[in-house]
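The values are calculated or read from the model by the stated rules, or taken from the named source; none is laboratory data. The shown structure was predicted, so the numbers you read here are calculated from the model rather than taken from an experiment. Cβ placement follows ideal geometry from the backbone for every residue including glycine, while neighbour counts extend to all protein chains displayed. For the accessible areas, the whole protein counts, side chains as well, though only heavy atoms, and no ligand, DNA or RNA atoms are used. Shrake-Rupley method; radii C 1.70, N 1.55, O 1.52, S 1.80 Å.
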2 protein chains.
Amino acid sequence: MQTALATAGLPPVFSTSLPGRALPLPTTEARPGHRRIVAAEAEIFAEGDRAGSFYKVVSGVVRTYRLLADGRRQIDAFHLPGDIFGLEAGAEHRFNAEAVTEAQLEVHRREPRALAGDGGALAREVVASMMRGLERAQDHMMLLGRKSARERIATFLLTMARRMACGGTALELPMSRTDMADHLGLTVESVSRAVTQLERDGLIALPPNRRMVVLRDMEALADLSE
Amino acid sequence: MQTALATAGLPPVFSTSLPGRALPLPTTEARPGHRRIVAAEAEIFAEGDRAGSFYKVVSGVVRTYRLLADGRRQIDAFHLPGDIFGLEAGAEHRFNAEAVTEAQLEVHRREPRALAGDGGALAREVVASMMRGLERAQDHMMLLGRKSARERIATFLLTMARRMACGGTALELPMSRTDMADHLGLTVESVSRAVTQLERDGLIALPPNRRMVVLRDMEALADLSE
DNA sequence: CGTAGCTTTGAAGGCGCTCAAATTCTGTGG
DNA sequence: CCACAGAATTTGAGCGCCTTCAAAGCTACG
């Protein structure tokens, strides 16, 4: 499937396959860029750091976020295996990045030749990733600007289910309720209440392990996401 | 100033100059892509339309937005002269686009050769624009997720002032209060109240023409934007 | 000068927030 | 295997910011 950007004369590797899905890279050939393992909750980079490298998630989950002066936090994205993050237009990182779970990362220096190296494959992947990031950001603006707490949770659960490519309807959320709250523009309490209410209404089930969620009524959830 | 992406081996035209500023293109050489004039409030394309072209604003202002099933609207961005919009990864437009004011557009078909044509200058411009769009979206998520009505208005006014490159402190907003509301995740009434309150507090002045705003206390406004 | 539309203002209500506390889960040690 | 500590999550009560509904005020334009 050819995509618009590819068609626009940009690197044609835009095999965006399913929009929003993070596939484990098919291209596993050797690439410049070493591996790095970070423990859960460990910092990867901070706002203002020199943006000398960018990263690709191999395994685990990463969050990128910004803070207001008084500590309010907005998590702009959770990065799953296959996702690229930390690439900046300017010289410094505009976000903080931390591992949500233990994570394995591919670190890439942002030197021209390093990327041009493999025939531009990584460069094309980067552009594709940027495009996916933009689309996700756009979807998320709709969520933050116009959806109710209930709708935000429904949307989030469906999105995570799709991205984590869990064939079934059960998914294990890698992040805490607080992380969800700071991603969805809510408080922890509101997240908890909305999740509980979705369970009461039978749209989802919550096994004793609170990180687990079973999607019981995909259609109703999709309606809530509109 | 070299930028990260440029450094990353991508098209090196990333002269993102000042982040967030829309300059009137310096490169005015002939380009494939014809002009199109749209009247104020006229539709440019709709969600679901085949995304055969993308656009660059020459003059005027354009809004792109999406609707929820029940009509709630989220304006993801206002596009000012120099901005590119309507470029999609998929085959269809994911947004609606309408002219806010009468606008002059450069229409570009998204064919490979059309872009490769001028030595890739347009292609590089497109990537740069995508990156700027992503940064704006990220800033906007912070606004929508975590800022109060007052803070949203302050942030919006400062951003528009910067983007419209009005040397002074007076700016003429091209859009209605309703448009502002649907961009800022508020209601018209809340926008009006917050604007009025900023005036009472002396941070801005409102000439009788309600589209005009004078920024009286940039520092206080900046503090509100944090 | 009159009308239509946008903007502002007013009053009341609700959703999500704040503050507080109970409950459940997890991991550790006995 | 069970008990316990600490953390995460859930639940409860009251409040506040923004929304909703309604109407008045302004501006722009014919």
Matching residues, region A:180-206, being out of contact with any Phe, Trp or Tyr (no Cβ under 8 Å at 6 or more places or on another chain) and in contact (Cβ under 8 Å) with a residue 24 or more places away in the chain | A:G185, A:L186, A:S190, A:V191, A:R193, A:A194, A:V195, A:Q197, A:L198, A:L203, A:I204
How many residues does region A:117-165 contain that are hydrophobic (A, V, I, L, M, F, W, C) and under 21 Å from A:F54 (Cβ atoms)?
-> 10
Just checking, which of A:L186, A:L157 is at negative phi, under 15 Å from the mean Cα position of the chain (by Cα) and open to solvent by less than 50 Å² (accessible area, probe 1.4 Å)?
-> A:L157
Pair list, Cβ under 6 Å, 6 or more apart: region B:54-78 residue within 8 Å of another protein chain (Cβ to nearest Cβ), other residue surrounded by 19 or more Cβ atoms within 10 Å (Cβ to Cβ) and acidic (D, E) = B:R73/B:D182
Taking B:A137 as the residue in question, decide whether it is at pLDDT 95 or above and either among the hydroxyl-bearing types (S, T, Y) or more than 14 Å from DNA strand D (Cβ to nearest atom) (or both).
-> yes
Where residues in region B:48-85 are among the small types (G, A, S) and out of contact with any strand residue (DSSP E or B) (no Cβ under 7 Å at 6 or more places or on another chain), which of them is most open to solvent (accessible area, probe 1.4 Å)?
-> B:A69
With B:R193, B:R211, B:R177 as the choices, which residue is more than 21 Å from the chain's Cα centre (by Cα), surrounded by fewer than 21 Cβ atoms within 10 Å (Cβ to Cβ), within 15 Å of DNA strand C (Cβ to nearest atom) and among the charged types (D, E, K, R)?
-> B:R193
Only one of (1) more than 9 Å from DNA strand C (Cβ to nearest atom); (2) open to solvent by 40 Å² or more (accessible area, probe 1.4 Å); (3) within 14 Å of another protein chain (Cβ to nearest Cβ) fails for A:S225. Which number is that?
-> (2)
A:D223: among the charged types (D, E, K, R) and more than 10 Å from DNA strand D (Cβ to nearest atom), yes or no?
-> yes
Taking region B:160-174 on its own, how many of its residues are within 12 Å of DNA strand C (Cβ to nearest atom) and more than 16 Å from the chain's Cα centre (by Cα)?
-> 0
